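Read the structure below first, then the notes.
The values are calculated or read from the model by the stated rules, or taken from the named source; none is laboratory data. What you see is a predicted model; the values in this text were computed from it and never measured. Cβ placement follows ideal geometry from the backbone for every residue including glycine, while neighbour counts extend to all protein chains displayed. Side chains are part of the model used for accessible areas, which takes the heavy atoms of the whole protein and leaves out ligands, DNA and RNA. Shrake-Rupley method; radii C 1.70, N 1.55, O 1.52, S 1.80 Å.
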Amino acid sequence: QVQLVESGGGLVQPGGSLRLSCAASGIFFSAFAMGWYRQAPGKQRELVATIFSDGRTTYADSVKGRFTISRDNAKNTVYLQMNSLKPEDTAVYYCNANWRPSGSGSAALDYWGQGTQVTVSA
């Protein structure tokens, strides 16, 4: 059974910080790209940050310089450090694990966590 278990969400003031964690089980963790997505009510889900198996990272323009994604393969865990939080960061944040093997003819694997609420408000 594949599980992605998220933690670390909550209510913070503008300018504050949170660190989200996502612990994975049931997958060959080091082979997966890991990502954080977020979705605000009535809005589309958007990709916030990705960390690939080689450690390379990408970020949405809206969070560059404020958020940092990292992974600990020994703990099967991915993190999202969120600093200088703004009200517009308020959303449900989702952990994603994705495997797209090289070569043709192989199906991809894609898994999601349950989501954790982040609210930024004074």
Mind jotting down the distance between the C-alpha centroids of region 31-64 and region 95-122, whole Å? 9 Å
Highest-MSF residue in the chain out of Ala40, Ala107, Ala49 [GNM, Cα springs under 10 Å]: Ala107
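With a probe of 1.4 Å, find how much accessible area the chain has per residue, and write the answer as a whole number in Å².
Values: 6570 Å² over 122 residues.
That works out to 54 Å² for each residue.
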Projected label distance in nm at Lys43 and Arg66, using a 7 Å step from Cα toward the beta-carbon: 1.0 nm
Kirkwood Rh (inverse of mean 1/r, distinct Cα pairs), region 6-122, angstrom: 14.6 Å
Which residue, Ala60, Ala23, Ala91, tops the fluctuation ranking in a GNM of the chain built on C-alpha contacts under 10 Å? Ala60
So what are the ³J(HN,Hα) numbers for region 105-114, from phi and the Karplus equation (6.51, -1.76, 1.60; θ = phi - 60°), rounded to whole Hz, Gly and Pro as x? x, 10, 6, 7, 10, 8, 9, 10, x, 7
Under the rule of at least 5 residues apart or a separate chain, name every residue whose amide H is placed under 5 Å from the amide H of Gly16. Leu85
